[in-house]
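J.: Sending over a structure as structure tokens; questions will come in a sec.
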Amino acid sequence: DNTDCEYWVYSGTASGSKAYSDSGSLGNSTSYTIAGHPLDGSTVYVTLYYRALSGGVWSSLVLEYDTSDDSGGISDIVINELLAKNDSQIPPGYGEEDWIELKNNEDVAVDLTGWCLQDSGDEWCFPGGSLSTIGANGYLLLIASGDGVDSTDTQYLHTNFKLSKGGEYVGLFSPGSSAAVDEYDPFPALDDNQSYGLDSTGTEVIFTTPTPGAENQDPDVDDISDLRFAPDQIITTTTSRRADVFAINGDQVPYSLTVNDDSLGWLSAMTAADQDGFTSDEVEFDIDDSGLLPGSYQATVTVNSAGYTPASIDLNFIIPQAGNDFSVWQEVDLKLDGFALGIDDDEERIFHSIGAGYATPQNYSAVVTYNELDGYEVSFNAGAVVQSGGVVDLGTISYADTSNNIQLFKNSSLVASYDLVHTNLPLVTLNAGVIVDEPDMPGTIQVASGIHGESTEFLNMGVEFRGSTSQNYPKKSYAVELTETSDIASSDGLDYSFLGMRNDDDWILDASYRDTSFVRNLVSLTLWNDMQGFAYTDQNGDSKGQPSLKGNLVEVILNNQYQGIHVLEEKVDRKLLDLEKGQESVLYKAVSNNATMYFPDNVQTDFEQKYPNPNDMDNWVPLEDLVEFIHNSSDADFADDIDDWVNIDNIVDFWLLTVVTGSTDTLKKNYYVFRNATGKFHFSPWDFDATFGMRWDGDFASWSATYWSQDRNRLISRLFSLDETGFSAKIKSRWSELRQDLFTVGSLVSRFQVHSEELAPIQGDNSNAFQRNKTRWPGSGGAGVNRPELGELVWLSEWIEDRLDWLDNRVSQLPD
């Protein structure tokens, strides 16, 4: 107020504490600095009382500062440079090792203890000590050797991962943050001894002269031009392809070609011209598939020239599995705007996953690419041939449009004419010779989604049928494990992120054959994710993990035959829940109808140990001890100590999720129980398809008959039976809270409504995924049960309203 004032100030790491205090007077516009608090992740509170020097009423101001945010607000740490293929002793003594260089753009040193680096599949965190500190405006070099804590290097820290010369994701994360402080997503394919990083403007560039531990040297801008391949991407099943290579400014540029991995004996790249760099130069790729197992094969070829930014082209080809009839369309590898298409040979349809906005008709044109080297040509609607790289104009289309068709010619003879189907859902294409219950069988998978802007190459996988009762239905569910190579028996898993979900190698394609809404499980688990927000809190009170899996509705094509709607889902495991590695963390899956915690002697038959891997170590003691305590402790001991064994708030929410969805079997089986390093057990839901008025067999379940019984699980039963636990009061309080938002008719129905609009995006039109699935599987609904109304929004809305009214009455009768 433009007045000098007197003040009294105190600060501390707890509200109301006086770890630091001072008083005095300040003139107008004078600044005051409070020092002496380490930026150690604690929360600092500052309270200032002030009044005019002439006296009067004291005013106050309270500030709260969370120093866990990027180590006290210091976030200007960047990944300054990295090198993924070191062949020239850069720095001396590390000729075979990758490295990552960090730069501190702040004027103070930063202790990076607890900060983490991630690549596409692994995470490594700074362990502490002098090597974990980066100086003011300094550089910190890390050796990406894969040695991690096993390194004996006293000069540099070593990460537990290496870098891919072909390019991959690399991110830097501050403690407790899920958002990267800096990242390359991804860095591009690099030649030997090329580094990648930031120039003086902060732009990501390739450096031909790496500078580890020093300022990056900007490339000579005047001499830099881009090299290009055309078309941008090649996918083929033939043994030879060609692509043009040129300099974007039209220069004649001598160039060389490299393959991303020298061990790729199946691929060679050579020039079909004289390497002078004319715009019309062709590069020929020869593929030798002799001796290769069936599966997907990928490589990157890079064109290099001194003073020019390199260009890369990806090659991918498939050797079909035995017994898998390979479609001629897959050999042609037709794409629209780079998006892979799904081929249904049975109905002579080509599926196109298109972007958002086509619920109303829109004009559509796309770049067409395909393999024209073997005499193939493509036309649309019996019109003129469209060359690969050309543009097709399909006029006005929508998700319901089926008026377009595509013709395929070889050597001017018509091979096929298929209808073009536009879908808003992602497409999942599976190729596998044979699929059984166990074991995994080899195959390939491809995912394309216009709405998500994603189109993958064919990836290697092991695939098997999933489920028990559901395997009796004609429409199957699948468990998929991605692998790095086609030899799935000895290959490592391949982590991959589909459709905005987690980065992992294990995936589920749930057929939802009984559920004519297709999404009871998905709705239930997303509801749980919203209820919980995180899996657990760690020893520091920080939120960790994802409460349960996520999923997306997709349309599946298996061996060029349409399979209808599935839900592509994540799997619940240690990584999803973000459990720390070590014996303190455990994860078990309830698999038996007797997994009710009533049978201490049968724990190992009623549950499956998921973490630690039972092949590495049996660790049943934590769960056996829990069930023993729940079953045999005295009432007094149970009431006094149960809060030390389980997270009560988690159990409250799990019980409420079970009763609001009317889950018929969750408390007997179909749930996960896990313990983190804090020592407390938590529940995580799984397989909530028998919910919202549907039984396990697809038949009707009354809103009043499913399920309230407190005796279905021994833990729940004892918590309810003893007033000393306060469980009933917690249930009433939490129920009242949830009834304000998540547990309302409108909120619950809207979750089904969103997915209903995905399945039928155009009101009143039958050309949609829902109708296609119904035509493919007319008996959907269960074992001899056909209850289509159980999937209708009006029916679901009435059931939910009746269920909530009934539960309001039941909850109100619980003791306070």
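The values are calculated or read from the model by the stated rules, or taken from the named source; none is laboratory data. Remember, it's a predicted structure, so these values are computed and weren't measured experimentally. As a convention, Cβ positions derive from the backbone with ideal geometry for all residues, glycine included, and neighbour counts pool all protein chains shown. Note: accessible area is taken over every heavy atom of the protein model, side chains too, but ligands, DNA and RNA are not part of it. Shrake-Rupley method; radii C 1.70, N 1.55, O 1.52, S 1.80 Å.
J.: Could you give the radius of gyration (one decimal) and Dmax (whole number) of the Cα atoms in the range 672-816, in Å?
T.: 18.8, 58
J.: Of the cross-linked pairs K162/K669; K581/K669; K575/K668; K544/K669, which ones have a Cα-Cα span greater than 32 Å in the structure shown? Kindly include the intermediate steps, with their values, before the conclusion.
T.: Values: K162/K669 41 Å; K581/K669 26 Å; K575/K668 25 Å; K544/K669 25 Å.
Beyond 32 Å between Cα atoms: K162/K669.
J.: Indicate the gyration tensor shape class of the range 462-579 (rounded, prolate or oblate), computed on the Cα atoms with a ≥ b ≥ c the square roots of the eigenvalues: a/c under 1.5 is rounded; otherwise a/b larger than b/c is prolate and the rest oblate. Write down the numbers at each step before the final one.
T.: Details: a/c = 2.37, a/b = 1.31, b/c = 1.81.
The shape class here is oblate.
J.: Next question, about the same structure. Taking the Cα atoms of the range 311-419, what is the range of coordinates along each of the three principal axes, in descending order and whole Å?
T.: Reported extents, whole Å, longest axis first: 42, 39, 28.
J.: Something else about it: Divide, for the range 83-204, the radius of gyration over alpha carbons by 2.2 N^0.38 Å, where N is the residue count. Present the calculation step by step, with values, prior to reporting the outcome.
T.: Working: Rg = 13.8 Å, N = 122, 2.2 N^0.38 = 13.7 Å.
Against the empirical 2.2 N^0.38 Å value, I get 1.01 for the range 83-204.
J.: Please work out the average accessible area per residue across the range 693-816, using the 1.4 Å probe convention, and give it in Å².
T.: Value returned for the range 693-816: 49 Å² of accessible area per residue.
J.: Would you check the accessible area of D288, probe 1.4 Å, heavy atoms only, in square angstrom rounded to 10?
T.: Near enough 80 Å² of accessible area.
J.: Okay, next question. Given axes a ≥ b ≥ c from the Cα gyration tensor, I'd like to know whether the range 291-340 is rounded (a/c under 1.5), prolate (a/b larger than b/c) or oblate. Please report the intermediate quantities before stating the final value.
T.: Details: a/c = 4.96, a/b = 1.86, b/c = 2.67.
Judged from the Cα gyration tensor, the range 291-340 comes out oblate (a/c at least 1.5, b/c at or above a/b).
J.: In the range 145-197, carbon and sulfur make up what percent of the accessible area (probe 1.4 Å)?
T.: Using a 1.4 Å probe with all protein chains present, the range 145-197 comes out at 41 percent carbon and sulfur.
J.: Here's something else I'd like to know. Quick check on the range 342-417: of the DSSP beta bridges with both residues there, what percent are antiparallel, nearest 5%?
T.: 100
J.: Here's a follow-up. Residue separation times 0.36 nm, minus the C-alpha to C-alpha distance between D723 and S403: what's the value?
T.: Going from the current span to full extension adds 108.5 nm.
J.: Let me ask you something else. Evaluate E = 1/(1 + (r/R0)^6) for S178 and V745, where r is the Cβ-Cβ distance and R0 equals 30 Å; express this FRET efficiency to the nearest 0.05.
T.: 0.35
J.: How large is the translational diffusion coefficient of the range 635-740 in µm² per second when you combine the Kirkwood radius over alpha carbon pairs with Stokes-Einstein at 4 °C and 1.567 mPa s?
T.: On the way: Rh = 14.6 Å.
Reported coefficient: 89 µm²/s.
J.: Suppose the chain between A489 and D808 were pulled fully straight at 0.36 nm per residue; how much longer would it get relative to their current alpha carbon spacing?
T.: Gain on extension, A489 to D808, equals 109.5 nm.
J.: Which percent of the accessible heavy-atom area of the range 613-672 goes to carbon and sulfur, probe 1.4 angstrom?
T.: 38
J.: Calculate what fraction, in whole %, of the accessible area of the range 369-483 sits on carbon and sulfur atoms when a 1.4 Å probe is rolled over the protein chains.
T.: Reported share for carbon and sulfur atoms: 47 percent.
J.: Same structure again: Using the Karplus curve 6.51 cos²θ - 1.76 cosθ + 1.60 with θ = phi - 60°, what ³J(HN,Hα) values do you get for each residue of the range 750-764, in whole Hz, with x for Gly and Pro?
T.: 4, 5, 5, 4, 4, 6, 4, 6, 5, 6, 9, x, 10, 4, x
J.: Compute, for the range 642-727, the length of the dipole vector about the Cα centre, with Cβ point charges of +1 (Lys, Arg) and -1 (Asp, Glu) only. Units Debye, rounded to 20.
T.: 200
J.: How are the alpha carbon pair distances in the range 112-169 distributed across 10 Å bins from zero to the largest one, expressed in percent?
T.: 22, 55, 22, 1
J.: Net charge around V386, counting only other residues with Cβ within less than 11 Å of its Cβ (Lys, Arg = +1; Asp, Glu = -1)?
T.: -3
J.: Further question: What whole-number value in cubic angstrom gives the convex hull volume per residue for the C-alpha atoms of the range 353-397?
T.: With only Cα atoms used, the range 353-397 gives 81 Å³ per residue.
J.: Further question: Rounded, prolate or oblate: pick one for the range 434-520, where a ≥ b ≥ c are the square roots of the eigenvalues of its C-alpha gyration tensor, a/c under 1.5 means rounded, and failing that, prolate if a/b is larger than b/c, else oblate. Before the final figure, lay out the partial values.
T.: Numbers: a/c = 2.25, a/b = 1.15, b/c = 1.95.
It comes out oblate by the Cα gyration axes.
J.: Enter the accessible area per residue of the range 376-521 (Å², integer; probe 1.4 Å; all protein chains in place).
T.: Numbers: 5160 Å² over 146 residues.
Accessible area per residue, the range 376-521: 35 Å².
J.: Let me ask something additional. Report the residues of the range 149-166 in range of a label on S130: point 7 Å along Cα→C-beta, backbone N strictly under 14 Å from it.
T.: Only 154-157 fall inside the zone, counting backbone N under 14 Å.
J.: On the full set of protein chains, 1.4 Å probe, figure out the accessible area of F654 and give it in Å² to the nearest 10.
T.: Rounded to the nearest 10, that gives 0 Å².
J.: Quick check for you: with a 1.4 Å probe and neighbouring chains kept, what is the accessible area per residue of the range 158-205, in Å²?
T.: Spelled out: the 1.4 Å probe surface of the range 158-205, per residue, equals 39 Å².
J.: Something else now. Go through the range 290-299 residue by residue and turn each phi into a ³J(HN,Hα) via Karplus (6.51, -1.76, 1.60, θ = phi - 60°); whole Hz please, and just put x for glycine and proline.
T.: Coupling constants for the range 290-299: 5, x, 8, 6, x, x, 9, 10, 10, 7 Hz.
J.: With θ set to phi - 60°, apply the Karplus curve 6.51 cos²θ - 1.76 cosθ + 1.60 along the range 107-122 and write out the HN-Hα couplings as whole Hz, x wherever there is a Gly or Pro.
T.: Values, residue by residue: 8, 10, 5, 10, 7, 8, 3, x, 5, 9, 10, 10, 9, 5, x, 9 Hz.
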